[in-house]
Every structure is written in structure tokens, then in C-alpha cells.
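Every number in this text was worked out from the coordinates using simple rules, so none of it is lab data. Because the structure is predicted, anything quoted here is derived from the model rather than measured. Quick reminder, even Gly has a Cβ in these numbers, built from the backbone with ideal geometry, and neighbours come from all protein chains shown.
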Amino acid sequence: MSNSTMGKPSVTITTAKAIINSEYTLIKSHSKYKLPAHFEKLDAGSPEGRTTVAKIFYRRFMRLKPFVSNMRMIRNTYSDYLRYKFTKEDYELKRYLVFNPNGLQLKTSPEPMGNTKCGEKVIPKEEMQKTMEFILKSCSYLPETKDQKWDIARDNTFCRQILKNLLTMQYEKYRSVLNRGVGHDELDVKFSHLRTKFSPPTKLNKGDKKKIPIFKVFSDFDTTLVHLNESLGTRL
Amino acid sequence: MGLTESLYKKLLINVPTKGVEVSRSRHIKDVSPVVTHFEKWSDKRKKLYFKDEKEMMEENHLGNFDLENNVYGRLLASPMRAEKISKLKSCRELLIPLKVIPMVGNDQHAENKLKLAPILDYSKPYKSSYILNSASIVRDNLAAATSWFPLSILQGSPSRKLVVDATTFLSEYNVQLRELIISRLSEIKSVEPSSKDRVLLIYDETKTIPIEVQHVKGAGGLKFTQSIFNLGCLRMLALESMINKDAIKEGIYLDANNDKDLIKHLYRCILFSLR
């Protein structure tokens with residue numbers, strides 16, 4: 001144990017794996033969270049390769065769960081969201097709906113990308129790698145002092161805030177099934193909120209009218225998130 | 001004590017004959033895991049430790065996303081606030097902030113009246129609440145507008161009268177927003193498009209896609225993001241003449257670094273005009 005001089009006096013305990021101060025447990029080893037050395041050689045095109053790559057990412061994202069938050073509720077939202085991203089989500093469809101607001105009405109087949117099952121899709125290796133980077137950044141800590149600041153620490157803070165907001169939104173989605181009748185299934189699987197963005201159905205009953213403001217909150221957030229993904233090359 | 005030695009001998013601790021030195025070294029080896037693995041039950045927030053920027057960027061390849069200059073990143077990173085119409089939480093920058101202002105007028109009861117009005121940017125000195133950034137939804141819900149006052153006002157003294165001017169509520173905001181955009185746009189000097197992250201403004205009412213995001217290769221081979229905002233959905237003729245005044249150029253280029261505020265307002269304005 002030693003008294004450190006990081007601003008206010010505090011106790012720091014150093015163990016083989018970590019540094020613990022009054023605020024954080026700082027883990028020194030990153031090997032568990034980094035991609036393995038043979039990752040570059042893996043071929044995500046073949047069925048076996050695809051499973052391997054998916055597993056590699058899923059495991060690492062899950063390992064980061066304790067870093068996301070200290071609160072069980074947020075940690076659970078994170079793992080639920082991960083599971084949804086890996087198994088259920090049709091990101092291509094979501095992206096299509098954001099960028100082609102009227103496209104669905106023009107096409108004869110209503111869901112151009114929705115027909116393929118998750119298992120048959122090509123794994124977006126680069127996007128997943130970028131997303132991994134994003135989550136790692138949001139869980140990271142840099143020892144800044146008054147004289148020593150790094151630009152990347154500001155960027156990491158942005159990552160952390162975005163992840164936090166994303167999980168809050170996701171929690172609202174899971175929760176609002178009970179309170180408002182609109183929830184995860186309608187928003188994350190059917191993407192109803194993104195479909196009705198431009199052309200509101202003309203005849204609305206009372207229940208549908210109540211949904212409009214709820215759809216707007218989620219569609220603004222999801223649209224901006226897809227735009228962010230597009231500009232960073234991530235898949236949040 | 002009346003016990004035979006053979007009975008209590010078993011209870012005695014076996015002390016090594018060689019002396020104290022040996023027992024001390026063993027003692028150090030057997031430090032409790034409570035100490036050696038303290039990270040497991042420290043109960044502090046866990047974080048990944050990086051010594052410095054170099055360890056992070058070079059050894060671990062974690063790059064800088066430059067989110068500070070990314071309009072979407074900035075919007076999504078803003079703190080969460082409760083929204084009054086849907087009763088959900090959303091990012092502050094995705095909502096319209098409302099401020100409470102005391103009424104001024106000749107009316108003798110004016111002192112007791114409070115007015116609620118939308119503002120362009122969140123500002124501290126006012127008590128604020130937030131509503132959805134959508135023209136049509138706000139219009140549909142204007143009848144319940146007095147419930148949009150901040151909770152502290154609603155629960156405060158009942159003698160104060162709360163007023164929302166439904167006729168000008170939306171139009172005032174709309175005019176403010178448009179004036180701001182036009183005045184800022186007219187200040188912008190037409191410079192060559194920068195080869196960093198940028199936004200291209202176009203005006204095309206025939207196109208239905210309001211926002212596009214592209215990756216463009218710059219002069220040095222560096223990739224950067226170009227967002228295209230189609231302001232045709234705003235139906236503002238003043239904007240059309242500004243953007244399309246030069247027949248050769250495609251539109252107006254904004255720099256993600258320097259025109260952060262304007263880009264944010266434009267994005268919000270597009271979302272406002274959509275449903």
C-alpha cells in the first residue's frame with residue numbers, strides 16, 4: 001500500500017494483475033480482451049471460419065461486461081444487447097430503412113434483405129473489429145495529471161458516454177413493452193419506428209396515435225446511431 | 001489441569017525445530033488471496049489500464065475516432081434528459097429545450113404569469129424541460145402544452161399562472177431556427193472542400209433521402225467521411241437560392257471541425273421537419 005499524490009490523497013493497492021485506487025480497479029493485462037494473433041489468417045467466408053470468428057468476437061465482448069458498469073442492471077442490458085446483436089438483429093435491414101425511407105414502398109418485395117437468415121450472412125469482420133475498438137476505448141483508463149493530458153482520453157470519454165446512452169436507450173426499449181406496449185420486439189426486430197418515419201399511415205386508431213411520440217424518440221436515436229456507425233465503420 | 005500429557009499433546013501446534021527464520025519465509029508465501037487478488041473484491045469500477053497514449057494507440061491499436069468533431073457522436077454523447085410528451089429519456093441534443101420566462105406586459109397580473117417557449121440551445125440560467133424535436137408531434141400535442149413546464153414549476157406555488165402561447169409556439173421556434181441557419185450560412189466563405197471530415201449541403205426536392213454518409217478518398221489517399229445533407233425537405237426557398245446559386249458547384253461544403261454548431265442545427269432542423 002502506498003499513498004499516491006494524484007490530486008487528492010488516496011490509497012493505492014497494487015496486486016499482480018491490477019492497480020486499485022479509491023475510484024477504480026485498473027486491470028493491467030489486456031491479453032484476454034485483444035484479438036488472438038492468428039485472427040488475421042482466419043477466413044470468415046467459410047462456414048467454420050464464420051463460426052470461429054463470431055465466437056472470438058462474442059467471447060471478447062462478453063469478457064468486457066464487468067468493465068461496462070458496476071450496476072447489475074446495466075451489465076445485464078449490455079449482455080442482452082450483445083446477444084441480440086449476434087443472434088437476432090438484421091442490421092442490413094435497419095441500415096436500409098434509415099437510408100431509403102421510401103424504398104420499401106417502391107419495391108415489390110417488402111423486405112429486400114430480410115429474407116436471409118442470420119446464419120447465412122457474411123460476418124462483417126472489419127466493422128466488428130472497429131466496434132471492439134470502440135468498446136475497449138470506452139472501458140479504458142489513462143492516468144492523466146494536470147500537466148499531462150492526452151487527446152485520446154477525451155475521445156474515450158465520448159465513447160463511454162455514447163455507450164452509456166445506447167444502453168440506457170436499450171433499457172427503455174426492453175422496459176417499455178410493459179408500460180407502453182411498444183418495445184424490443186416491435187423496435188428491434190420489426191423496426192416499426194423506422195418504417196413509419198416518412199409516410200405516416202393515414203388511418204390511425206387511438207392506440208397507434210399514442211405510439212407516434214415513442215417511435216419518434218427511438219427513431220431519432222437509432223437513425224443517428226446508424227449515421228454514426230456509417231461514419232466510423234462500427235456496428236454499434 | 002488433571003489431564004494426561006498424551007491427551008493434550010495432540011492439540012499443541014507443531015513448531016519447527018530449526019527456528020524462527022524458516023517460519024517467516026513460509027508466512028510470506030502464504031499471503032491471503034484477499035490481498036493478492038484484491039481486484040476481485042475491491043468493488044470499484046473496473047477499467048482497462050493503459051500507461052499512456054503511446055501504449056494505447058501504438059501497441060494496442062486503439063485509434064482516435066475524433067468524435068468531438070463528429071456531429072452524430074456529439075449528439076449521441078449528450079446527457080440523457082426526460083422528454084415531456086413520450087415520457088421517455090433521450091439525448092439532450094436530440095430534443096428541443098424549453099425555457100421558462102416571466103411574462104412582461106402592462107397587465108397587472110403579469111408578474112404572476114410564466115411563459116414557456118422553445119429555445120435553440122440549452123442554456124443554464126433558465127429552468128428547462130425538453131420536448132420531442134418534431135414539428136408535427138409538437139403540433140398535435142399543443143393542447144397539453146402546460147404540462148410541459150419543468151416539474152419544479154408545476155409543483156410550485158399554485159398562484160402563478162402558466163401560459164403557453166399555442167399560436168406562436170411552433171412558428172417562433174421555426175423562424176428562429178431558420179434565421180439562424182441562413183445567417184450562419186451567409187457568413188461562410190466559399191472555400192474549397194477540405195480533405196477532412198466534412199458535410200456537403202445540397203438542395204434537391206426531388207430526392208427523398210435527407211442524409212447520406214459516404215467515405216471519400218482525399219488527395220493524400222486518406223479516407224474521410226462526407227455527409228450529404230439534402231435540405232430540400234425543409235422547403236426553404238431562401239436556402240435553395242443560396243445553395244444552388246453556383247451552377248457549377250454541387251453545393252456548399254462545411255468543415256466538420258469549424259462549423260460544428262451549424263452542422264448540429266442543420267441536422268436537428270432536418271429531424272424537426274421529418275415526422
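Separation between the residue B:101 and residue A:17 pseudo-spin-labels, each 7 Å from Cα along Cα→Cβ, expressed in nm?
Placing both labels 7 Å along Cα→Cβ, they lie 5.8 nm apart.
If I fit a long axis through the Cα atoms of helix B:260-273 and take the longest principal axis of the Cα atoms of chain B, what angle between them do I get, 0 to 90°, rounded to 10?
70
Based solely on C-alpha atoms, express the radius of gyration and the Dmax of the stretch B:190-273 in angstrom.
Gyration radius and largest Cα-Cα distance of the stretch B:190-273: 12.7, 38 Å.
Mind giving me the FRET efficiency for residue B:154 and residue A:31? R0 is 41 Å, r the Cβ-Cβ distance, nearest 0.05 is fine.
Numbers: r = 54 Å, r/R0 = 1.32.
That gives a FRET efficiency of 0.15.
Please tell me the relative contact order of the stretch B:111-268 in percent, rounded to the nearest whole number, where contacts are Cα pairs under 8 Å and at least six residues apart.
Reported as a whole number, the value is 22 percent.
Taking the dipole about the Cα centre of the stretch B:210-275, with the C-beta of Lys and Arg at +1 and of Asp and Glu at -1, give me whichever of B:272, B:237, B:218 is farthest to the positive side.
Ranked along the dipole, the leading option is B:272.
Between B:136, B:33, B:166, whose Cα lies farthest towards the positive end of the dipole of chain B when Lys and Arg beta carbons carry +1 and Asp and Glu beta carbons carry -1, centred on the Cα centre?
B:33
Quick check on chain B: take the gyration tensor over C-alpha atoms, sort the square-rooted eigenvalues as a ≥ b ≥ c, and tell me if it's rounded (a/c under 1.5), prolate or oblate. Before the final figure, lay out each step's value.
Numbers: a/c = 4.40, a/b = 1.78, b/c = 2.47.
Oblate shape, in that a/c is at least 1.5 and b/c is the bigger or equal ratio.
Please find the FRET efficiency linking residue B:142 to residue A:95, where r is the Cβ-Cβ separation and R0 is fixed at 35 Å, and quote it to the nearest 0.05. Display every interim value, and only then the final one.
On the way: r = 34 Å, r/R0 = 0.98.
Plugging the Cβ-Cβ distance into 1/(1 + (r/R0)^6) gives 0.50.
For the cross-link pairs A:41/A:88; A:190/B:223; B:89/B:223; A:137/A:164; A:94/B:207, which exceed 24 Å when the distance is taken from alpha carbon to alpha carbon?
Values: A:41/A:88 27 Å; A:190/B:223 34 Å; B:89/B:223 35 Å; A:137/A:164 13 Å; A:94/B:207 20 Å.
Over 24 Å apart, Cα to Cα: A:41/A:88; A:190/B:223; B:89/B:223.
Once you keep just the Cα pairs under 8 angstrom separated by 6 or more residues, what percentage relative contact order results for chain B?
Values: 334 pairs, mean separation 40.0, N = 275.
Normalised by residue count, the contact order of chain B is 15 percent.
Would you please classify the overall shape of the protein assembly as shown from the alpha carbon gyration tensor, given that a ≥ b ≥ c denote the square roots of the eigenvalues, rounded means a/c under 1.5, and beyond that prolate means a/b larger than b/c while oblate covers the rest? Before the final figure, lay out each step's value.
Values: a/c = 2.05, a/b = 1.65, b/c = 1.24.
Here the protein assembly as shown falls in the prolate category.
Magnitude of the Cβ-charge dipole of chain B, K/R +1 and D/E -1, about the Cα centre, nearest 20 debye?
In debye, rounded to 20, chain B gives about 1280.
Which of rounded, prolate, oblate describes the stretch A:31-232, given a ≥ b ≥ c as roots of the alpha-carbon gyration tensor eigenvalues and a/c under 1.5 marking rounded, otherwise prolate only if a/b is larger than b/c?
The shape class here is oblate.
Restricting to the protein assembly as shown, compute how many DSSP beta bridges are antiparallel as a %, nearest 5.
Values: 32 of 46 bridges.
The answer is about 70 percent antiparallel.
Around residue B:62, which amide H atoms from residues at least 5 apart in sequence, or from another chain, sit under 5 Å from its own amide H, with H modelled in the peptide plane?
Placed amide hydrogens put B:57 under 5 Å from residue B:62.
Using a simple spin-label model with points 7 Å from Cα along the Cα→Cβ vector, what separation in nm is obtained for residue B:176 and residue B:189?
Distance between label points: 3.2 nm.
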